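**Student:** Structure below; questions to follow.
Derivation of every value follows stated rules applied to the coordinates shown; laboratory data play no part. Since we're looking at a predicted model, the values are computed, not measured. Counting neighbours? That spans all protein chains shown, and the Cβs are built from the backbone with ideal geometry, glycine included.
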Amino acid sequence: MLLVRDKLFSTVGLSHFAVGVLNGQRSVLFVYLAVALGLSNTQLGFFSTAYILVAALLQPLFGHLADRLGARWAIAGGTLWIGIFFTLGLLTPGLPALAFIVLASLGSGAFHPAGTMQATLVGRARYAGRETTASSYFFLFGQGGLFIGPLVGGFLLQQDGKLGLIWLSAFAILVGLSGFVRLGRSATLLHESHGSQPTAPVASRSLSFWLLFAALAATQSWVQQNMLVFLPKFLSDSGQSAGVYGLLSSLFIGASAVGLLLGGALADRYGKRRVAASMLALAVLPLSAIPVVGFSPWLYLLIPIAGLFSGSTHTIIVVLAQRYIPGGMAMTSGLILGFIFASGALGVLLSGYLADVWGVVSVFWLTAGLALAASIMALSLEKN
């Protein structure tokens with residue numbers, strides 16, 4: 001596709017891939033450290049929540065700064081930051097390692113608003129208004145990193161322990177340094193001509209609409225985060241190695257990446273909210289089947305199907321928010337992404353408590369119910 005030949009888009013996309021590779025380690029590295037340090041499910045949920053919240057809560061601020069100062073520093077600098085602090089976490093023993101890894105997520109928080117803005121603007125300004133498709137490809141790079149991350153990370157953990165992951169953080173550092181050189185003025189010029197202009201709401205929206213939209217974004221994120229955090233824990237509790245739960249986590253994320261492209265293409269053609277409702281409804285059955293079959297070969301089919309349908313609505317929600325919420329586009333992107341990540345993180349915290357009380361299997365029943373609720377919410381948006 002022509003998008004990947006665009007210098008700006010390819011640089012932003014590669015940076016998203018590198019950030020995604022390190023973000024993807026959270027699902028396997030935290031479980032690995034939780035077992036090594038004897039952490040409970042609640043504590044595992046706490047550190048996963050902290051990782052997401054540290055990045056999420058500051059995304060609107062990072063987006064505002066990108067609107068004012070330009071996107072280059074946020075895209076390249078954010079990638080460099082996550083690589084450096086992730087490396088520090090890998091070199092540090094005990095619980096302090098988790099603190100450095102949590103701080104590393106600030107780089108992800110700086111990157112995402114500016115990167116999302118640039119990707120949407122490339123599609124809108126250079127490729128005949130195909131903003132949802134362009135955003136889908138941008139998120140595909142991130143999901144590609146999230147897919148490769150657990151797959152490679154699980155293998156490296158099994159072979160060399162956490163120090164084996166330094167190869168991945170070194171890759172992010174190199175991409176960050178390259179980004180400063182490759183972006184040059186291109187990101188700034190596109191930002192100056194389009195990105196600093198406030199986005200305009202499509203129409204006046206009622207309070208019920210905003211409540212529904214916020215609930216939809218939060219619930220869809222909760223579904224995804226539950227799978228990323230507790231699928232590896234479920235498999236670890238079943239006696240599976242880091243290599244196995246890394247592979248299955250990667251299958252979920254990889255299928256979610258395919259879902260992003262499918263959802264983006266269908267949304268541009270058939271309508272964003274209708275496609276979101278349909279995809280979330282289709283995710284309910286495979287999510288419900290996971291606790292029924294337990295660890296079996298069926299998981300190698302059910303988990304990708306669940307990822308395909310549950311992950312397909314992320315881009316739709318982000319692009320809708322960019323159109324509905326007034327303000328600078330990077331700030332708007334940071335606001336919706338921050339809300340999505342923060343609400344999913346808080347959901348994981350609750351899920352961790354429920355897993356300690358009722359068992360990890362109960363989280364999958366909860367996740368299926370959340371997907372059904374999100375589907376109904378997306379369909380209800382048509383009436384508001």
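**Student:** Can you give the relative contact order of the chain as a percent, counting alpha carbon pairs under 8 Å and 6+ residues apart?
**Tutor:** Answer for the chain is 28 percent.
**Student:** Now for a different question. Which FRET efficiency, nearest 0.05, do Ser10 and Gln158 yield, Cβ-Cβ r, R0 35 Å?
**Tutor:** The calculated FRET efficiency here is 0.60.
**Student:** With +1 on each Lys and Arg Cβ and -1 on each Asp and Glu Cβ, and nothing else charged, work out how big the dipole of segment 2-383 is about its Cα centre, in Debye to the nearest 20.
**Tutor:** Here segment 2-383 has a charge dipole of around 860 debye.
**Student:** Compare the peptides 30-36, 366-372 by average per-residue count of other Cβ atoms within 10 angstrom and give them in order, highest first.
**Tutor:** Order by mean packing, descending: 366-372, 30-36.
**Student:** Taking the Cβ-Cβ separation of Leu174 and Ser241 as r and a Förster radius of 22 Å, what is the calculated FRET efficiency to the nearest 0.05?
**Tutor:** Here the calculated transfer efficiency is 0.15.
**Student:** Which of the peptides 66-75, 152-161 is most tightly packed, and how do the rest follow, judged by the mean count of other Cβ atoms within 10 Å per residue?
**Tutor:** 66-75, 152-161
**Student:** Choose one answer from Ser351, Ser278, Ser238: the residue with the largest mean-square fluctuation in a GNM of the chain with alpha-carbon springs under 10 Å.
**Tutor:** Per the Cα network of the chain with a 10 Å cutoff, Ser238 tops the list.
**Student:** Moving on. Extension gain Leu285-Tyr300, at 0.36 nm per residue separation less the Cα-Cα distance, in nm?
**Tutor:** 3.9 nm
**Student:** Using a 10 Å cut-off around each Cβ, can you sort Thr92, Thr332, Thr315 from fewest to most neighbouring Cβ atoms?
**Tutor:** Ascending number of Cβ neighbours within 10 Å: Thr92, Thr332, Thr315.
**Student:** While we're here: Just going by the charge dipole of the chain, with Lys and Arg at +1 and Asp and Glu at -1 on Cβ, which of Trp210, Ser169, Ala265 is farthest out on the positive end?
**Tutor:** It is Ala265.
**Student:** Could you calculate the contour length gain from Ser208 to Leu37, that is, 0.36 nm times the residue separation minus the distance between their Cα atoms, to one decimal place in nm?
**Tutor:** Additional length available on full extension: 57.0 nm.
**Student:** Follow-up question, since we're still on this one. Per the helix-only calculation at 222 nm, which mean residue ellipticity applies to the chain, given -39500 (n - 2.57) for every DSSP H run of n ≥ 4 and division by its residues, nearest 500 deg cm²/dmol?
**Tutor:** Helix contribution divided over all residues of the chain: -28000 deg cm²/dmol.
**Student:** Shifting gears a bit: Of the labelled options [x] 61, 56, 39; [y] 66, 50, 48; [z] 54, 47, 34, which one gives Cα extents along the principal axes in Å as computed for this structure?
**Tutor:** Among [x] 61, 56, 39; [y] 66, 50, 48; [z] 54, 47, 34, the one calculated here is [z].
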